[in-house]
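Some notes on the structure that comes next.
The values are calculated or read from the model by the stated rules, or taken from the named source; none is laboratory data. The structure displayed is predicted, hence computed values, not measured ones. Cβ placement follows ideal geometry from the backbone for every residue including glycine, while neighbour counts extend to all protein chains displayed.
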Amino acid sequence: MEEYNAEAELSVTASSIRITDVTQDGDTLTFAIASQKSNSSVGVCVFRTYEDFDWLQQNLFSQENIPGLQGIIFPPLPSKALPSQSNTQAKSVKQLGFLALGQGWQSYCKALEIYLQQVATHPILSKCKPLDIFLINSESPGKQRGRKGILNRLSQAVEEMRKESHKDVDTFFQNERYKNTNLAASSKVATEKLLDIVMTEQKLALACGHFSTSLHLCVNQDDEASVAFSKICLKLSDIMEAVKKNFETVASNNLSTLGLGLDLESRYEDAEKEMLFRRTCKLIELEAAKRNTEKAKANKREVMEEIQKSTEKEFTLISSVAKQEIKRFHSSRANEIRNFLVDWCEKQLATAKEFAGLYSQYLETCRNLYSQ
């Protein structure tokens, strides 16, 4: 069966891909994925587990008939969620970061949805047959055994960290590796800092809720002074409930906009780093082939020259694809992070306006209360 066809088109519209629901059965999360057929009003809905997503990713990695496969920056698949650890927030946050927060796995579902949309809009990966199978077939593809492709074999070389510092022959890629290292570190720091802010906002919201509840314990109707004091406590309780809701809304806004964007940015920087490392490995392989050709005896020189030519051709193709991918990567990532920032600003501004009006009402009520 042909897995990749340069002329093939995805059967569904990429922008229509949505994860509409998630159900939990023990340690297994099942996602309902809806999409719409291309040039048609017909809708498609399939149910997938994380193992199905992993099957798709592994099959994308194993399309060895795609020219320059190793130069592709693959959309990063989020780590597997472990629902059984959901009662231990520290473990979940360490594993998934922002994707572990929120209710009903909403952030995690959104991250998986973005992953599918990124694959579906990729100029090369969108033409791979496994993606169509994943989005359309009613049967779970994860039951099939994933193939281990060239990227799986190359991943074993990750242990050889010395290759990461190998000097590149192309200034463009050497500079890109330097920028990637700095941006990856900065993205992780920014993600961690915002994550700390969100978790602090959630803790403050919880504390405000406890304080609001405690104020009700002060209510007493025994005498006139107690009644007056009780009114103040009840009004203050209402105010603390508003403050609690404000913290919750601001935290939710941070989580669903900028938080999700920074998490995606951090994972994509890692994906680019992996691509650059694969290319470096091929460069080292080419340099080794050249040395072997120079050292080869006359009766083996022809064979070694053929190996060198083949490796050099492959390296040139990988580099060509990688340059196109990097250009597309920078353009798309800039647009994505800008959209997340705009969404973040709009939501936080709307929240600030809403609660500013509410606080003004409470302030006026308190003034009237004390003027009585």
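Inside the range 6-34, residues that are surrounded by 14 or more Cβ atoms within 10 Å (Cβ to Cβ), under 14 Å from Leu82 (Cα atoms) and free of Cβ contacts under 8 Å to residues at least 40 places away in the same chain make up a count of 1. If you go through the range 327-358 and pick out every residue that is loosely packed, with under 12 Cβ neighbours inside 10 Å and under 16 Å from the mean Cα position of the chain (by Cα), you end up with 3.
If the condition is being of a type in the set (Phe, Trp, Tyr), farther than 30 Å from Val342 by Cβ and touching a residue at least 24 places away in the same chain (Cβ under 8 Å), then the range 204-261 contributes only Phe211. Figure legend. Inter-residue proximity from the range 301-319: first residues more than 21 Å from Leu69 (Cα to Cα) and at pLDDT below 95, second residues acidic (Asp, Glu) and in a helix (DSSP H, G or I), beta-carbon distance below 9 Å, spacing 6+ or different chains. Indicated pairs: Met304/Glu294.
A quick yes/no check of all residues on (1) outside any helix (DSSP H, G or I); (2) at pLDDT 90 or above; (3) closer than 16 Å to Glu248 by Cα:
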{"position": "Asn335", "(1), (2), (3)": "no, yes, no"}
{"position": "Glu346", "(1), (2), (3)": "no, yes, no"}
{"position": "Ala350", "(1), (2), (3)": "no, yes, yes"}
{"position": "Ala356", "(1), (2), (3)": "no, yes, yes"}
{"position": "Leu363", "(1), (2), (3)": "no, no, no"}
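A single entry from Arg153, Arg162, Arg177 fulfils the requirement of being modelled with pLDDT under 95, surrounded by 12 or more Cβ atoms within 10 Å (Cβ to Cβ), of a type in the set (Lys, Arg) and farther than 30 Å from Leu369 by Cα: Arg177.
Among the residues of the range 302-326, those identified as buried (at least 16 other Cβ atoms within 10 Å of the Cβ) and among the acidic types (Asp, Glu) are Glu314, Glu325. Take the residues in the range 219-246 that are among the polar types (S, T, N, Q) and either within 43 Å of the chain's Cα centre (by Cα) or over 17 Å from Leu369 (Cα atoms) (or both), then tell me which one is surrounded by the fewest Cβ atoms within 10 Å (Cβ to Cβ). Checked the range 219-246; the qualifying residue surrounded by the fewest Cβ atoms within 10 Å (Cβ to Cβ) is Gln221.
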